[in-house]
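Structure, as structure tokens:
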Amino acid sequence: MTLFDHPDCPFGLKVRIMLAETELEYDNIKVDLQAGDNHKADFLELNPFGKVPVLVDDEAVVYDSTVINEYLNDEYFAELLPEDSAQRATARILEDYADVAFTLPAMAAERELARPHEDRDSERLDGAREVIRKGLSMLERQLAEKEYLVGDYSLADVAFAPTVLQLEKLEIKLEPSMPNVRAWITRLSERPSMRTVLAAQ
């Protein structure tokens, strides 16, 4: 099994967390995005969209972090999506929210913070952080009386982990009004899979 990704890609991190959960052995090949490796012919044969991550498992070539994690769950794990259809739908909705409305703004904020202070677009940075804070408020409500987003630990929690475990890097502090999110982040950070992957960052 081989994972093609980039060390700084949160979607790749999401898949690496899932692989750590399954305890599967795999080769991790770095795709240098700055050098344009993702637009070279051999990579485009794997993913015509030219994006990481991509998982190759024998004859299966799977891309998009959400699809990869569901593949790994279906093929090797079968524990990280609820059996109940409604809860399973909720987990998928939350994972989609994480990908589109949470991780992408976090990436935008991280790009601005990487710039020299005088070159930052403060409006863009503040806007991205505000979207993340709104997402945290949603998570606070979702986590009411639950340890994880759909009760048991699931792919939804994995999807949010790359961002919520690194809020300090984005200079975002949790409000006192978010005890559920704070406790959830602590639970996530204590999972062996999370510690293993984040230690390798």
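Each reported figure results from applying straightforward, stated rules to the coordinates on display, with no laboratory input. Keep in mind the model is a prediction, meaning the values are calculated, not measured. Positions of Cβ are generated from backbone atoms using ideal geometry, with glycine treated the same way; all protein chains shown enter the neighbour counts.
Exactly one condition in (1) crowded, with 19+ Cβ neighbours inside 10 Å; (2) assigned to a loop (DSSP other than H, G, I, E, B) is false for L174; which is it? Only one criterion is unmet by L174, namely (1).
Here T186 meets each of (1) within 19 Å of F11 (Cβ to Cβ); (2) surrounded by fewer than 22 Cβ atoms within 10 Å (Cβ to Cβ); (3) β-branched (V, I, T) with one exception, condition (1). Answer yes or no: is there a residue in segment 152-166 that is more than 16 Å from P10 (Cα to Cα) and out of contact with any helix residue (DSSP H, G or I) (no Cβ under 8 Å at 6 or more places or on another chain). Yes, segment 152-166 contains a residue that is more than 16 Å from P10 (Cα to Cα) and out of contact with any helix residue (DSSP H, G or I) (no Cβ under 8 Å at 6 or more places or on another chain). Of the residues examined, A156 is not one that is among the hydrophobic types (A, V, I, L, M, F, W, C), in contact (Cβ under 8 Å) with a residue 24 or more places away in the chain and surrounded by fewer than 13 Cβ atoms within 10 Å (Cβ to Cβ). Name the residues in segment 119-159 that are small (G, A, S) and within 16 Å of A106 (Cα to Cα), would you? Hits for segment 119-159 are S122, G127, A128, G135, S137, A159.
Selection within segment 46-81: residues that are under 17 Å from H6 (Cα atoms) and among the small types (G, A, S). The member of this set that is surrounded by the most Cβ atoms within 10 Å (Cβ to Cβ) is S65. In contact with a Ser or Thr (Cβ under 7 Å, 6 or more places away or on another chain), surrounded by fewer than 18 Cβ atoms within 10 Å (Cβ to Cβ) and farther than 25 Å from K146 by Cβ - does that describe any residue in segment 29-36? Yes, some residue in segment 29-36 is in contact with a Ser or Thr (Cβ under 7 Å, 6 or more places away or on another chain), surrounded by fewer than 18 Cβ atoms within 10 Å (Cβ to Cβ) and farther than 25 Å from K146 by Cβ.
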